[in-house]
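Working notes, beginning with the structure itself.
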Amino acid sequence: MVVTRFAPSPTGYLHIGGLRTALFSYLWARKNGGKFVLRIEDTDKARNSDEATQAILKAFEWLGLEADGEITYQSKRDDIYAKYIQQLLDEGKAYRCYMSKEELEQLRETQMANKERAKYDGRYRDFDGTPPEGVKPVIRIKAPLSGEIVVHDGVKGDVIFQAEDILDDFIIARADGSPTYNFVVAIDDALMGINEVIRGDDHLSNTPKQIVVYEALGFDIPKFYHVPMIHNSQGKKLSKRDGATDVMAYKEMGYLPEALLNFLVRLGWSHGDQEIFSMSEMMELFDPKDINKSASIYNTEKLDWLNAHYIKNTPNDKLVELLSEFGVVLTSHDKKEILLDALKERAKTLKELAGMVEEIVTTPSEYDAKALKKAMKEGWVEILNNFGAKLTNTEPHLPSEYHAIMEEVVNEMEIGFGKIGMPLRVALLGKMGGPNIDTIMAVLGKEETLLRIAQAIAKNK
Ligand code: GLU
């Protein structure tokens, strides 16, 4: 059974890069009928916060990504790590190192002066003398001194590391007994039965160390997929300004979870030239072997395009519910269907859609000067009055019925359509733009339309 995981460090919010590897891991587990588990890597007490953990969980909930089983918190597993540290000590695979900070510092300086790689020199590796007094030891693992460590990576192929160049006997427990990062990651992945690790390639350099731990403890090494980073349009690492921001900020900006997930799945993975993927298609088609080898480019226009697609395809009741989060309450608006049908074709985000709705349902308090100049030409008051009179005597409901009244006016007064369309638009909305004028009137209804016409005439004639 395929078991994947997402293992965020709660030092900040869930960001887009983290979410993408989470999504890949989630999809791969689902596709295989396997398990996707969540592990919170909260061992760095100084930098972790409960708030960040909650924010990550909230983002998962918003996106509908469900993890299997209980969430594992590294901070609650000290006993487990201690047991394995003891095991390695007992087996002679790890040892206590009494080197003081000053000695280590000195060694570093000498190595740097000699243009050598800064590296622990193994001076306590085979030590069996009397330990110096007053030094609390750290515990180091015996790493191979030579030979190769090969990461069989599902994206990058075999990545070969020379033990001599990259490893030293790295610390697995600090002087206060607390275990270190690569040690606990390897133990947790092994004990949680994770057999496929999908993560950012910024972790590739950690992998040989983790392999050392797996081997020392006799654990099976999982399959690794190191996913290339997301870059901005300049080919640089994605920054906050480019969108590497809190995933929940996308919710506030009015993106739909399905659009964001669809956007992310295509960042670094492809299936032919298909762009639109429903969740079930993603689950069916995703395969980490198709992850691109090079960095992917974050493109906001693409995200907007996808979001527009999903907004258009969201049922109106659902939109009503979503818009309420943007302060627009349409629950009891009797023309909400017509309104949303007209507007959802045009909005790139829910926020934008909310703005469009607001613009229509709110009676204008001001009129755009440029629009007035352009639309309120000679005779406009008479034209709108004529329209108003005809409207008073009819009971239109549908956009086409409003349109018919406009046509009557046009024919009767022998004017072009723009002569009524433009002033009517500005009278109703206070400016140019917006959807079809017939639709706007059908949404406003007869009374409100008449009221706005009267107000526009009173204020602007
Ligand atoms: N906790 C690590 C991070 O948030 C991820 C560890 C891993 O995926 O192995 O970057």
**OP:** Take the Cα coordinates of region 229-348, assign each an equal point scatterer, and use the Debye formula without solvent to give log10 I(q)/I(0) at q = 0.15 Å⁻¹.
**Re:** -0.77
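Would region 107-223 count as rounded, prolate or oblate if I go by the C-alpha gyration tensor, calling it rounded below 1.5 in a/c and otherwise prolate when a/b exceeds b/c, oblate otherwise?
oblate
With every protein chain present, what is the per residue accessible area of the chain (1.4 Å probe, Å²)? Mind showing how you got there, number by number?
Numbers: 22690 Å² over 461 residues.
Counting only protein heavy atoms, the per-residue value for the chain is 49 Å².
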Subject >> Hydrodynamic radius by Kirkwood, which averages 1/r over all alpha carbon pairs of region 56-115, in angstrom >> reply: 16.3
**OP:** Note down the net charge around A52, summing +1 for each Lys or Arg and -1 for each Asp or Glu among other residues with Cβ under 13 Å from its Cβ.
**Re:** -3
Subject >> For region 254-264, 3J(HN,Hα) per residue [Karplus equation, 6.51 cos²θ - 1.76 cosθ + 1.60, θ = phi - 60°, Hz, x = Gly/Pro] >> reply: x, 8, 8, x, 5, 6, 5, 5, 4, 4, 5
Subject >> Normalised contact order of region 310-415, rounded percent, pairs of Cα under 8 Å and 6 or more residues apart >> reply: 20
**OP:** Evaluate the relative contact order of the chain (contact order divided by residue number), counting alpha-carbon pairs under 8 angstrom at least 6 apart; express in whole percent.
**Re:** 13
**OP:** Using θ = phi - 60° and the Karplus relation 6.51 cos²θ - 1.76 cosθ + 1.60, list the HN-Hα couplings for region 349-362 in order, rounded to whole Hz, with x at every Gly or Pro.
**Re:** 9, 5, 5, 5, 4, 4, x, 5, 4, 3, 4, 8, 7, 9
Original post:
What list of ³J(HN,Hα) couplings, whole Hz, do you get for region 274-280 from phi and the Karplus terms 6.51, -1.76, 1.60, once you set θ to phi - 60° and write x for glycine and proline?
Top reply: 5, 10, 9, 10, 6, 4, 5
**OP:** Could you look at the chain and say what percent of its accessible area is carbon and sulfur, using a 1.4 Å probe and all protein chains?
**Re:** 49
Original post:
Using a Förster distance of 35 Å, how high is the FRET efficiency between D341 and E382, based on the Cβ-Cβ distance and rounded to 0.05?
Top reply: 0.60
Original post:
So, with +1 on the Cβ of K and R and -1 on the Cβ of D and E, and no other charges, what is the size of the charge dipole of the chain about its Cα centre, to the nearest 20 debye?
Top reply: 920
**OP:** Please identify every one of the GluC sites (Glu not before Pro) in region 107-176 that sits in a loop by DSSP and has no more than 13 other beta carbons within 10 Å of its own beta carbon.
**Re:** E116, E133
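Once Rh for the chain is found with the Kirkwood sum over Cα pairs, what is the Stokes-Einstein diffusion coefficient at 4 °C and 1.567 mPa s, in µm²/s? Can you show the working numbers first?
On the way: Rh = 26.9 Å.
For these conditions, the coefficient is 48 µm²/s.
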Original post:
Any idea how far the Cα center of region 103-135 sits from the one of region 40-90, in Å?
Top reply: 33
Original post:
Check V3: other-chain or 5+ apart residues with amide H under 5 Å from its amide H, H built from backbone geometry?
Top reply: K35, N195, E196
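For region 1-43, rounded, prolate or oblate, judged on the Cα gyration tensor with a ≥ b ≥ c (square roots of eigenvalues), a/c < 1.5 rounded, else prolate if a/b > b/c? All intermediate terms of the calculation are to be shown ahead of the outcome.
Working: a/c = 4.59, a/b = 1.74, b/c = 2.63.
Because a/c hits 1.5 or more and a/b fails to exceed b/c, region 1-43 counts as oblate.
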Original post:
With respect to the cross-link table entries K35/K93; K373/K459; K58/K351; K35/K312, which display a Cα-Cα separation exceeding 25 Å?
Top reply: K35/K93; K35/K312
Original post:
Over region 251-306, what per residue volume does the convex hull of the Cα atoms give, in whole Å³?
Top reply: 84
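The values are calculated or read from the model by the stated rules, or taken from the named source; none is laboratory data. Because the structure is predicted, anything quoted here is derived from the model rather than measured. Cβ coordinates were reconstructed from backbone atoms using ideal geometry, including for glycine residues, and neighbour counts include every protein chain displayed. Please note that ligands, DNA and RNA were not included when accessible areas were found on the heavy atoms of the full protein model with its side chains. Shrake-Rupley method; radii C 1.70, N 1.55, O 1.52, S 1.80 Å.
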